[in-house]
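The values are calculated or read from the model by the stated rules, or taken from the named source; none is laboratory data. Since the model is a prediction, treat every value here as computed from it, not as a measurement. Surface areas here come from the heavy atoms of the whole protein model, side chains and all, with no ligands, DNA or RNA. Shrake-Rupley method; radii C 1.70, N 1.55, O 1.52, S 1.80 Å.
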Amino acid sequence: MARIGITGAIGSGKSFVGRLLCDRGYEVLDADASVHDMYRDNQELREKIANKFGRACLFPWGINRVRLANIVFADATMRDELESIVYPYLTKEVRNFFKAQAVGTESAKTKVIFGGEEVEGAWSDRWKKNAKNSKPCFVEAALFSRTPEIVAMLDEIWIVTAPEDVREQRLLHRGLSLEDARRRIENQRGECDESKFVGKTVRVLENSGDKSALEKRLNEILAAL
């Protein structure tokens, strides 16, 4: 079972690639969505964030994304602080995802963690069924280069790319201001370069806007696995 990471700078379209894989029947763990679930459900993590960044950064349903983003994008040391708090929890989620995927017997008991809580049953049962097919499984995340523990689990890294002006326009269409879009692009500059993943098989998917070309490239890669 190949373990593959999908990454790309903001606005590149890595989540779109993740959705295409889901449509093809592959298991994809959305790391960003998992983190937001933990922001809502993991009380230990919420307490750590409140202690470091203030309780005004918390909502009952998660975090105040605007407030927290303004803090971490304005100060790289604060970004590092947030990552040092969150990434150990995310690493555990990814490890449990791969562990569940690798289960090959109906009788095996597997606990997996979602939103910071251990669960058994429906998720692990579904993953066990898939694991028998030995299909590759995927983790989609923005910045693997900052999580070496997760990179160490991966067999391959797929990098989704797009020209910077295209990514900027995509962010504007999401509702970001031009200043905020450019700040976020600059904050991630170089983080998804192939040079960050020495020793890993790296594949690049260009996503400048031609959906058919992207799907053709994706199908070619899947056929080669």
Amide hydrogen neighbours beyond the local backbone of D30, cut-off 5 Å, H modeled: E140
The chain, relative contact order [Cα under 8 Å, separation at least 6], %: 33
Under-5 Å amide H pairs with E206, H placed in peptide plane, nonlocal only: T161
Listed values (1) 51, 31, 30; (2) 58, 35, 29; (3) 48, 42, 31, entry calculated as Cα extents along the principal axes in Å: (3)
M153 accessible area, 1.4 Å probe, all protein chains in place, Å² to nearest 10: 20
Nonlocal amide H pairs with I157, under 5 Å, H built at 1.01 Å: G5, T201, V202, R203
Using θ = phi - 60° and Karplus 6.51 cos²θ - 1.76 cosθ + 1.60, couplings along the stretch 175-185 (whole Hz; Gly, Pro as x): x, 6, 6, 4, 4, 5, 4, 5, 5, 5, 4
